Each structure stands twice: as C-alpha cells, then as structure tokens.
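The values are calculated or read from the model by the stated rules, or taken from the named source; none is laboratory data. Fair warning: this is a prediction, and the values are worked out from it, not measured in the lab. Neighbour counts run over all protein chains shown; Cβ positions are idealised from the backbone, glycine included.
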Amino acid sequence: MADELLRVSDVSAGYLGQDVLHGAALTVGQGEVVAVIGSNGAGKTTLFRAVCGLVRPSGGTVHFDGIDITGLATHRASRSGLAYVPAERHLFPTMSVRENLVLGAYPERHQTEQLEFVYELFPRLGERKTQHAGKMSGGEQQMLAVARALMSRPRLLVLDEPTTGLAPKLAIEAYAALGELRRQGLTILVAEQQVPLVLGLADRGYVLDHGRIQLTGTANQLADDPEVRRAYLGVT
Amino acid sequence: MTAVLLDGVVLGLQLGLLGVGLTLVYGLGGVLNLAHGQIAVLGAIVIARATNAGLSMGVAILLGLLSVGLFGLLVDLTLMRAVYRLSGESRVLLGLLLMLGVGTIIDGVLEWRYPIEALSVRITGAPVSVLGVAMSRGALMASAIALVAGFLLFIFLQFSAFGRATRSVIQDEEGARLCGVSPATVRSTIFVLSAVLAGLVAVTRSMTAPITVTSGFGLTILALVVAVVGGLGSVSGAFLAGLLLGIVNTVSAFTIGSYITTIVLLAAAAITILIRPSGLFGGRT
C-alpha cells in the first residue's frame, strides 16, 4: 500500500499496568474504510484510545501519515488531523449544538462552509443549532459527535461503536451518513459489534479478540468466514 | 433598610469577584485554591510597598496585579503540574493541601517581613446619593470595577474561542482534548487570571476597608463560601451567590449584630451543601 495513513505496529496497552491489548497491528490506507470487529471487552476501545493518545501504549508504535505519534498528547493528535469519536461521545452537554461544532474546529477559526457541510450531512443538527447537546436524543447526539469531529477537516476519522444505544433504524441511518463520507474520500477506521452493518461499509476488516488480532481480510472474506459468521453474524 | 440592601450589593459584588477566580480554577481541574485570599493580600502588600517607595497609585496597582499574575504562573508551572498528574480524590486532596501550604507561607512571610503594612486605596470626593442613600465614592468605584470585570469575564468566556475552550474543559475534559484543546494551557491561563482577579479584589476591597497582612485567611473563607453556594465551576453562580450572600451578610449584621455574620455565611454554605450539593446556581458555566 503506497499511501498508508495509519500504521499500528505491535501495540500493547491497558490500565493500571494490566495490558488488555497484546501486540495489535493494523494499517489504514488513504481513502480506505477499515473495520475492527470484536465483542465487548475484546480491546477495541483500548486500541483506539492508544491510537489517539488517550492511553499511552506500554509497547509498540503508532504512525500517522509517516510520523511517529506514539504517546502524543490527544489534543496534538487531534490538531494533526486524527479525529476520534468515542462511544460515550463526550459532548459538552450545556453548550448549544453550534458551540459544540465550533469547538470541533479549535484552535482554528471555524469555517462557515464546514458548518454548512455538516448541517447538510445531518439536517437535524441544522434544525437544532441552538439546542443544548445534553437535551438531544441518543441518535442526534451521535450525529453531533461525528459532526464535531468533522469540523476540523480530519484526514482520518476514528469511530468507536457509532451505533451504541441507537435503535436499528437510526443505526442504519448513521451508516448511510458514513457511506456518504466514504464517497467523498474520507478515510475511516471504525470499531463495531453490528457486524453486518460495518462489513457493508468497510473495504477491509480486522477481528479482535482477547486483545489480539485473530483474523484479517477484505470485508467479503470476513463476511464469508465461518468463524465470523458463527461468532458475529448469528449463522450456525 | 434601602441603605442596608445597597451596602449588601456593594459587598456582594466584591464577594462575587472574589469567588469567581476560585470557582473557575476548581471547575477546570478540581483544585480548591485555599491560598486565594492570601494571593489577594500579596498583591495588596506589593501595591502598598510600591506606593511607599514613591510610585503613583496607578503604576503601583499595575505592578501589584502583574506580580500576583507571575506568582500564579510560578505556582501553576511547579506545584499544580504535579497535582494535575494525579486524578480523582488524590488530585483534590493534594491540590487542597499544597494550596493551604502556599497560603500559610504567604501569611507567614508577610507577617514576618511587613507586619504593619496595609493597603487603603482612597477615592476622594463627597458621597453620592443613590436611591436617596449617600454612598461613598470608594464603594461606588469598587462596585463599578467589579461589575466591569465580571462583565468582561462573561464576554470572554461566552464569546471568545479561548473562553469557549475553557468552558469545554470544565464540561468534559476528554471531549475538550478530542477537539484539540490543551487542558494544561487552559488551566495555566485561568490560574494566572484567577490570581490577577484576586489582586483586583484586594484593590477594590481596600477602597472601603483596609487590607492588612492578616486579611488573607478571611478572604479565602469568603471565596470558598461564595463558590460553594454558587456551585463550584459556575461563573454566573459565583456572582449571584456573591450578591445573595452580601445582602444576607449586611442584613444579618444590621438586624442581629456584626458578630453573627461569619456564622450566618458559613451556615448558608452548609445549608446549600445539604439541600443542593451542586450549589444554588450549579450546573452552568
């Protein structure tokens, strides 16, 4: 792969000296959508937190666009174009939708066209500009979290379980929006338990279990894999 | 009674300006700055010494505010950095104890070196009639400065990019970092600002009553009460609580006696914690 945007090499990480991720490796190419599949506690969140600097890896390296960003402070990773949307979203509850979005572009001045772009992608946010983020439904909060990450015009969007707490219909809508971003050429790394949804979007995927990458392949290969079908697609 | 209420408002604005610096620092990182009042006194003594040395009052005040700002920066870059490396309860405890230590050191050094130094900023001129009550020009000037400072602080936090970043750290630190905000930069800046505001309170307070080297502890307690009643981390809360407590203070002093006011204020804080732990005006920044 010539245009490699993210390379995670042999990364181990955990909490209080206890690793939950053991030597994970993955790459994301420019313009690619890559899925990380795994059940609760498989280490997906720890992997992503290590990538964006919220957890310092106990071993291994993370390269973003050829630059070593291992252990770089989160706000610096964010400024360099790596936008992370955690499953818990971490919105600013008593700020308006618009203020949340404007902060997404910090420390740059927000661009009016970027605001218009996210309002176009998520019209419901445009209708609720002045509403407090904390007063919105789960689906709207998820939209806002993604939209806030997009405000900085990231080169890589990292999403941790974007369908958390969403009704099935809203989960499908969320993935439709991600599909639109993909068409526009955005590079996306997404962790998901809703495997059919994410394999419909992704080019490639990794299966993470017990903190180790167990399997990797194209989305089609994974969808046809008997282990994946048994464990994540409910096919016996 | 109008006179008592107006006195309460004058005091309340000072209390608000005093509490706001403490509440911001707490909201940003969980550090209860128990040296807030002592930092104010430090500023006051620098100003007093500077005027003794022949500087004009305006220059001396600038020098005093600059000194406490630098002092705040020094404390932030040394002690506070160590505190912010911890998290949860240990951070709160270490922050509290270190700042208590800083306050004690300031108290001790000032009482040892300059035991009889005091700051009184005199605003001369005949009293002005407000709502039929003759108010001293010092009280009016102090109130005007507190109002302007509070207003500017509000504009800064509400509408500037850095102010918005400050509020984002108060609301959700991890979310702020994901947006590219550096919590350390925000905390350092606000800690310095808080120290300068403490210095400013010393100036305005000394327009109605002298600030002596032993005033620090009392000011810290007042700032703490205001911040708790207003809701820790809430700027508008600090000013509203300041006004409320200022009026409570003067009314109780008028109807019962001045010996009771400290008890009344502490009781107000205790009752607030019992009824609404997040403060009367908590939950907003």
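The residues of region A:68-86 that are away from chain B (no Cβ under 12 Å) and either at pLDDT below 95 or assigned to a loop (DSSP other than H, G, I, E, B) (or both), listed by number, are A:ILE69, A:THR70, A:GLY71.
Taking into account only those residues within region A:148-157 that are touching a Leu at 6+ places or on another chain (Cβ under 8 Å) and more than 10 Å from every other protein chain (Cβ to nearest Cβ), which is nearest to A:GLN193 (Cα to Cα)? Walk me through how you get there before you give the answer.
In the first step, residues of region A:148-157 are kept if they are touching a Leu at 6+ places or on another chain (Cβ under 8 Å); the result is A:148-151, A:154-157.
Right, trim to more than 10 Å from every other protein chain (Cβ to nearest Cβ) and you get A:150, A:154-157.
Numbers: A:LEU150: 23, A:PRO154: 24, A:ARG155: 24, A:LEU156: 21, A:LEU157: 18 Å.
The extreme case among them is A:LEU157.
Of the residues B:GLY108, B:GLY150, the single one that is in a helix (DSSP H, G or I) and under 18 Å from the mean Cα position of the chain (by Cα) is B:GLY150.
In this structure, is A:VAL207 buried (at least 20 other Cβ atoms within 10 Å of the Cβ), in contact with a helix residue (DSSP H, G or I) (Cβ under 6 Å, 6 or more places away or on another chain) and not in a loop (DSSP other than H, G, I, E, B)? Criteria not met by A:VAL207.
Yes or no, residue by residue, for (1) under 15 Å from the mean Cα position of the chain (by Cα); (2) of a type in the set (A, V, I, L, M); (3) closer than 25 Å to B:LEU245 by Cβ; (4) at pLDDT 95 or above:
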residue	(1), (2), (3), (4)
B:LEU18	yes, yes, yes, yes
B:GLY30	no, no, yes, no
B:GLY64	no, no, no, yes
B:PHE71	no, no, no, yes
B:MET99	yes, yes, yes, yes
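When we screen A:LEU54, A:LEU5, A:LEU91 for residues that are surrounded by 16 or more Cβ atoms within 10 Å (Cβ to Cβ), more than 14 Å from chain B (Cβ to nearest Cβ) and either at negative phi or in a loop (DSSP other than H, G, I, E, B) (or both), the only hit is A:LEU5.
Between A:ARG128, A:ARG155, A:ARG183, A:ARG124, the distinction of being surrounded by fewer than 17 Cβ atoms within 10 Å (Cβ to Cβ), free of Cβ contacts under 8 Å to residues at least 60 places away in the same chain and touching an Asp or Glu at 6+ places or on another chain (Cβ under 8 Å) belongs to A:ARG124 only.
The single condition among (1) surrounded by 19 or more Cβ atoms within 10 Å (Cβ to Cβ); (2) of a type outside the set (Ser, Thr, Tyr); (3) on the phi < 0 side of the Ramachandran plot that B:GLY30 does not meet is (3). Exactly one residue out of A:ARG155, A:ARG182, A:ARG148 is farther than 30 Å from A:ASP10 by Cα, modelled with pLDDT of 95 or more and basic (Lys, Arg): that is A:ARG148.
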